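S.K.: If you scroll down you'll find the structure; I have some questions about it.
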Amino acid sequence: MKKEVKAALFDLDGVVFDTEPQYTVFWGAQCREFHPEHPGLEHEIKGQTLTQIYEKFFTADGLAEKQPLITKRLDEYEAQMHYDYVKGFEAFVRGLRSRGIKTAVVTSSNMPKMQSVYRQRPEFQGLFDAILTAEDFERSKPDPDCYLKAAQRFGAEPAECVVFEDSFNGLKSGRAAGMTVVGLATTNAAEKIAPLCDEVISDYMNFKL
């Protein structure tokens, strides 16, 4: 990392919080119920937004009418999930801020989900200079729109930003935004995400910009 870094932009699930195993449990149950003919589908949809999942897998064969039920189940599930930080994250992000580097969450999660995060983690909002959610941008990852908007929020050029992502769509979004990309091997294997990253890490322990 030789460039001057003005902003560090973090996806949420699998990057700030180690929640992906819990989502695998949730989507595994939904996929077995509504797509029993497609075993392992819960692993294929990792890193996709709810809208993308619905458009690809829950529109045909009368499944569109099941979307409100699945959304209700998901809201209830997220309200009781455990939001545990990826190892070393808190110290890492506090260290960035002590150096004057701006920090932001850039997530496709919606406000009901974020309210659950805020209730369980009252210190969370104080770790970031900005929190951008699904309501703040028009196009979802892998489009770069969300990360470009975050950079604009801080008056930073893309080359001055570092994106932290774990999903393929998120990594592609950071790449398309022209930013340095650090991949977290929390959701997908390091060798699979490596082509989309400038660096791959398993957690934030001993990692420095």
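S.K.: If the requirement is being assigned to a helix (DSSP H, G or I) and at pLDDT below 95, which of these qualifies: GLU76, GLU90?
M.R.: GLU76
S.K.: Within the stretch 1-51, how many residues are out of contact with any helix residue (DSSP H, G or I) (no Cβ under 8 Å at 6 or more places or on another chain), open to solvent by 30 Å² or more (accessible area, probe 1.4 Å) and within 26 Å of GLU138 (Cα to Cα)?
M.R.: 2
S.K.: Right, next: Pairs, please: C-beta under 9 Å, at least 6 apart or cross-chain, first residue touching a residue at least 24 places away in the same chain (Cβ under 8 Å) and more than 18 Å from MET179 (Cα to Cα) and in the stretch 128-156, second small (Gly, Ala, Ser) and open to solvent by 10 Å² or more (accessible area, probe 1.4 Å)?
M.R.: THR133/SER108; THR133/SER109; ALA134/SER108; ALA134/SER109; ALA134/SER140
S.K.: Kindly list the number of the only condition in (1) open to solvent by less than 40 Å² (accessible area, probe 1.4 Å); (2) assigned to a helix (DSSP H, G or I) that fails for GLN67.
M.R.: All conditions pass for GLN67, except number (1).
S.K.: Kindly provide the set of residues from the stretch 141-182 that are assigned to a helix (DSSP H, G or I), aliphatic (A, V, I, L, M) and open to solvent by less than 10 Å² (accessible area, probe 1.4 Å), ordered by number.
M.R.: Within the stretch 141-182, ALA150, ALA151, LEU171 meet the criteria.
The values are calculated or read from the model by the stated rules, or taken from the named source; none is laboratory data. Quick caveat, the model's predicted, so the values are computed rather than measured. No Cβ is skipped: glycine too gets one built from the backbone with ideal geometry, and neighbour counts run over all protein chains shown. Keep in mind that these areas ignore ligands, DNA and RNA; they rest on the heavy atoms of the full protein, side chains included. Shrake-Rupley method; radii C 1.70, N 1.55, O 1.52, S 1.80 Å.
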